[in-house]
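Here the structure comes first, spelled out in structure tokens, and everything after it is commentary.
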Amino acid sequence: MYDIKALYEAHSVEEAVRLRVEHPEAQIIAGGSDVLVQIREGKRAGAELISIYLMDELRGISLDEAENIRIGSLTCFTSITNDPIIQKYINVLGEAVDQVGGPQIRNIGTIGGNTCNGVTSADSASTLFAWDAVIELTGPEGVRRIPIQQFYLRAGKVDIRPGEIQTAILIPKASYENCYGHYIKYAMRNAMDIATLGCSVNVRLSPDKRTVERARIAYGVAGPVPLRASTAEAVAQGQAPSLALADRFAKAVLEDIHPRDSWRAAKDFREHIAVETARRAFLESVRLAGGELA
Amino acid sequence: MSIQYKHIQCTINGRPVDKMVDVRASLTDLLRNDFRLHSVKKGCEVGECGACNVIIDGRCYNSCIYLAVWADGKNIRTLESLLGPNGELSDIQQAFVDEAAVQCGFCTPGFIMTAVEILESGKEYTDDQLRKALSGHLCRCTGYENILRAVKKAMYRRLGKPMPEA
């Protein structure tokens, strides 16, 4: 038995918003692979829960009329990895969430929960940052959409206002078109582990493949919340892809990141693997984009 | 404080059931306490070890971090569903016996239910893919190689192909 004070179940967005207004103290539970574990640990013991898990309308991936990708917040990691739209336009997201926990966790864990949990190590977060994802929240005043960078306020705290629930994550067409990316998770084990560092890079090359039109890079666990390395992005933009550029791009990330010492890894070590993963992920992204190194 | 219950209807091992469920219960609690399905083990109870793994609507879940009330309308299968009418072992269970893939046995039901999902996909997997598919389970006797071999053997039998030489 879990130490739960009360459970309120929502079956529609409308009902979820109403329950959020009626029970402002209650914690939202999606798949529960974080919330239930925290209850078991005692951290959230005695909590009131609003369960949104049974809201099937928040599951699934589609393209809207402007061809933006819409990922329902309750879509589980396995479904994201197996989805043809994800595989065609943003395959790296499917690969990144395929490294969360183990198979059973990827069946219950949701991308909405992964982002709303607000932790820097979330495997989906760095890729969503690197692709300028937009978070859609629905509340009593209607729908609000904000860039994911603004959604993360501080470690463990995201911008969900009273009465709101996260309903979708959007990847705008301008953000994914002709982009190719690669994610590297550095952890002690290949499964059931939390990232020591996560690095997601993507590039868009010019039609002749000789110029990096745009490079984007984001990290998890390189700061209290996921972050972009904009200095490195500026270094690569407009340049010809080469091994030397990969090195300069990778070293520039040290201007942007600020990892800390923790029991998982030292700051120095995180900086070292941040540079190395940036270099490797950049080269792999260029290769996926069909580029050749000068 | 009053205890909160919810009425659910679901299918457990092919049998339709109707139950009043304590909202605080995990699916593990429900299956073990109310239905005496003791193949569903309480291991870590935080979704790390896979000992409580069951199949819900065709996919594997750790039932310890799955609220019992979410079972409403679902089709749930545990290891007990694999036995034949006279208690005969299924092919995957027999493969575990043949390959000595059982030591203390505590992780076995969870592993076997993941193996069932793998086998029912009808696909052929490489060793690396099988290792990844089985990675949500911990075996503290560390008998992983025999488990891998048992799943592989059952997979090739079902595919009607000879098992490649190691």
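I need the full set of residues from segment B:125-164 which are touching a Lys or Arg at 6+ places or on another chain (Cβ under 9 Å), away from chain A (no Cβ under 13 Å) and within 18 Å of B:G105 (Cβ to Cβ), in order please.
The answer is B:L148, and nothing else.
Looking only at segment A:94-153, which residues are at positive phi, in contact (Cβ under 8 Å) with a residue 12 or more places away in the chain and surrounded by fewer than 20 Cβ atoms within 10 Å (Cβ to Cβ)?
Answer for segment A:94-153, where residues must be at positive phi, in contact (Cβ under 8 Å) with a residue 12 or more places away in the chain and surrounded by fewer than 20 Cβ atoms within 10 Å (Cβ to Cβ): just A:D132.
Just checking, which of B:G143, B:G84 is small (G, A, S) and under 22 Å from B:D57 (Cα atoms)?
So the residue among B:G143, B:G84 that is small (G, A, S) and under 22 Å from B:D57 (Cα atoms) is B:G84.
Taking segment B:1-38, which residues are more than 13 Å from chain A (Cβ to nearest Cβ), within 26 Å of B:C139 (Cα to Cα) and surrounded by fewer than 21 Cβ atoms within 10 Å (Cβ to Cβ)?
Answer for segment B:1-38, where residues must be more than 13 Å from chain A (Cβ to nearest Cβ), within 26 Å of B:C139 (Cα to Cα) and surrounded by fewer than 21 Cβ atoms within 10 Å (Cβ to Cβ): B:N13, B:F35, B:R36, B:H38.
Here, each number is a calculation from the coordinates, and none is a lab measurement. Source: prediction; values computed, not measured. Neighbour counts are summed over all protein chains in view; Cβ atoms, including those assigned to glycine, are modelled from backbone coordinates with ideal geometry.
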